[in-house]
Amino acid sequence: MLYPVYALLFADAGLSTSQISVLFAIWSVVSFAFEVPSGALADAWSRRGLYAIGELLTAAGYALWLIWPAFPGFALGFVLWGLGGALASGTLEALVYDQVGDDYAKVMGRAGTVGILATLAATLLAAPALTLGGYRLVGIASIAVVTLGGLLALRLPDSVRTPGEADDSDGGSYRQLLRSGLRDAVKDRRTILTVAVAAMLPGFTALDEYLPLLARDKGAPTVAVPLLYALVALAMAAGSALAGRYVASLPLVVAAAAALLAAGALVPHLIGMVPVAATFGLLQYAMIRAETSLQESITGPARTTVLSISGFGAEVFAVVLYAGFGLPVPLPPLFALAALPLLLTAVLAARNFVRAG
């Protein structure tokens, strides 16, 4: 329940948009600093255990926001969340691929739909919870759910490697797995393009941190912001469900997302949130399809490391977006400008498609 309103928590604590952008940048800097090292650690140790630890650290970050609701407390909370996110990033995806292989897109699409609908339920509950108990009640509920998720992760089966992978992992050190993952990520031009596209698309999800502020800029009252955020969640759930069932042209999907983002951002009315929501639905579809292509291209034992390299790229790109949103420019034009790098991503995806063909 905290997710759709925590930007408002920061604003109501007296922080400016620029300060909020600094917080988001801290979050991403910590995430990408630990992204690749944690991926190699998951390959060398336990993907299941590292994911669980990451979730618990995230819950601790939320708790710090409630205990110390000021810029330093928010910043330290984001440090914990960034570290927790780095430990979990790529880890769960590698763990799932180990279990399901060719059914990865179907399973992740279905799981993503369930997860987003659960987020939608929490989003719808956020409005009455915010009215009833303020940010404290919303925060406590969020801490409890994330903590439970970390504990439940310990019941997942741990990674199952093929005989060749097991030999490499057992005989290889952390450094060897790290080097193996780095080599796999740049082994040829097609792989580099696949990693780049799989990195840039999640980077655009940084935009959702500003959706509550955009909605309020278009005239939405604070208590209605979670309801508008629910529209985004529904679009993402639809995109996730479709990703597991249908294969569409990735370049066309991403280009359509860019067009909808620019159009929706520039509409000076709440109706503009509809195409913005559709943008996130298309992004969700594109992320799953791009990640599936990346998973299929990995053949070595350092699967989590390669995925973490992609995650590292996503965090770097997110920092660039946060820096852009720190400029003293109104939010709608900034959202519209973000459509340009999204269009560039569509071009990269098209080049990868031509090269693959």
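The values are calculated or read from the model by the stated rules, or taken from the named source; none is laboratory data. Predicted model only: the values in this text are computed from it and were never measured. Note that we place each Cβ from the backbone using ideal geometry, even for glycine, and neighbour counts take in every protein chain shown. To get the accessible areas, we keep the full protein, side chains included, count just its heavy atoms, and leave off ligands, DNA and RNA. Shrake-Rupley method; radii C 1.70, N 1.55, O 1.52, S 1.80 Å.
Here is a list of conditions, (1) open to solvent by less than 30 Å² (accessible area, probe 1.4 Å); (2) under 18 Å from residue 191 (Cβ atoms); (3) assigned to a helix (DSSP H, G or I), and residue 312 meets all of them except one; can you say which number that is?
(1)
If a residue must be small (Gly, Ala, Ser), open to solvent by 10 Å² or more (accessible area, probe 1.4 Å) and assigned to a helix (DSSP H, G or I), how many such residues does segment 5-20 contain?
So the count comes out to 2.
Go through segment 27-85 and give me each residue that's open to solvent by 60 Å² or more (accessible area, probe 1.4 Å) and β-branched (Val, Ile, Thr).
Hits for segment 27-85 are 29, 53, 67.
Which condition breaks for residue 248 when tested against (1) outside any helix (DSSP H, G or I); (2) of a type in the set (A, V, I, L, M, F, W, C); (3) within 20 Å of the chain's Cα centre (by Cα)?
Only one criterion is unmet by residue 248, namely (3).
Restricted to segment 270-296, and to residues that are polar (S, T, N, Q) and modelled with pLDDT under 90, which residue is most open to solvent (accessible area, probe 1.4 Å)? Steps first, please.
Let us first name the residues in segment 270-296 that are polar (S, T, N, Q), namely 279, 284, 292-293, 295.
If we keep only those that are modelled with pLDDT under 90 as well, we get 292-293, 295.
Values: 292: 8, 293: 61, 295: 0 Å².
So the residue we want is 293.
In this structure, is residue 264 buried (at least 22 other Cβ atoms within 10 Å of the Cβ) and over 19 Å from the mean Cα position of the chain (by Cα)?
Taking the combined requirement at face value, the residue satisfies it.
May I ask you to list the residues in segment 146-165 that are buried (at least 17 other Cβ atoms within 10 Å of the Cβ) and at pLDDT 90 or above?
146, 147
Test residue 336 against the stated conditions and say whether it is crowded, with 22+ Cβ neighbours inside 10 Å and of a type in the set (A, V, I, L, M, F, W, C).
Answer is no for this residue.
Which pairs turn up if I take residues in segment 66-91 that are on the phi < 0 side of the Ramachandran plot and look for partners that are of a type in the set (Lys, Arg) and open to solvent by 20 Å² or more (accessible area, probe 1.4 Å) with beta carbon separation below 9 Å, at least 6 apart in sequence or on another chain?
66/136; 91/48
Suppose we filter 198, 122 for residues that are within 25 Å of residue 57 (Cβ to Cβ), modelled with pLDDT under 85 and either part of a helix (DSSP H, G or I) or small (Gly, Ala, Ser) (or both); which single one remains? Walk me through how you get there before you give the answer.
Working: 198 fails: modelled with pLDDT under 85.
Exactly one residue qualifies, and that residue is 122.
Pairs needed: first member in segment 41-64, closer than 29 Å to residue 139 by Cβ and among the hydrophobic types (A, V, I, L, M, F, W, C); second member anywhere, open to solvent by 40 Å² or more (accessible area, probe 1.4 Å) and modelled with pLDDT of 90 or more; C-beta distance under 6 Å; at least 6 residues apart or different chains.
Listed by first residue and then by second, the contacts come to 57/80; 57/83; 59/147; 60/80; 64/76.
Would you check which residues across segment 117-133 are surrounded by fewer than 16 Cβ atoms within 10 Å (Cβ to Cβ), more than 21 Å from the chain's Cα centre (by Cα) and among the aliphatic types (A, V, I, L, M) and list them?
125, 132
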